[in-house]
Amino acid sequence: MIGELKYEEVEKISNALKKEASTISELIKDKNLQELEDFVATVEGYSKYLDTTLEINRDADKALEELAKRNK
């Protein structure tokens, strides 16, 4: 879990953000809307942050499992 969210929930949020950012990018393509492009880039960056956070937490869980097994 990350905070109060299960990993699957965070993954769904990240995937939804990616999808919506991609959709917006396509809609504003060649429209010269810099502020909206910046916002979309921020959303994409946050999605990548969530993916990295998931990966780090899952790796930490695996490491903790291994440590727990060794201490039995």
With θ taken as phi - 60° and the coefficients 6.51, -1.76 and 1.60, list the Karplus ³J(HN,Hα) couplings across the stretch 6-18 in order, rounded to whole Hz; mark glycine and proline as x. 6, 4, 4, 5, 5, 5, 4, 4, 4, 5, 5, 4, 4
Calculate the spin-label point distance for LYS6 paired with ILE28, positioning each point 7 Å from the Cα along the beta-carbon direction, and give it in nanometres. 3.4
Per-residue ellipticity at 222 nm for the chain, helices alone: DSSP H runs ≥ 4 residues times -39500 (n - 2.57), over residue total, nearest 500 deg cm²/dmol? -29500 deg cm²/dmol
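Can you give me the % of accessible surface on the chain that is carbon or sulfur? Probe 1.4 Å, all protein chains present, nothing else counted.
Values: 3250 of 5930 Å².
Carbon and sulfur atoms account for 55 percent of the accessible area of the chain.
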If you split all Cα-Cα distances of the chain into 5 Å bins from zero, what percentages do you get per bin, shortest first? 3, 15, 19, 16, 13, 10, 9, 5, 4, 3, 2, 1, 0
Please work out how many pairs of lysine residues in the chain are eight or more positions apart (or on different chains) and have Cα atoms closer than 17 angstrom. 7
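The values are calculated or read from the model by the stated rules, or taken from the named source; none is laboratory data. Quick caveat: nothing in here was measured; it's all calculated off a predicted structure. Positions of Cβ are backbone-derived with ideal geometry, glycine not excepted, and every protein chain shown enters the neighbour counts. Ligands, DNA and RNA are excluded from the accessible area calculation, which covers all protein heavy atoms including side chains. Shrake-Rupley method; radii C 1.70, N 1.55, O 1.52, S 1.80 Å.
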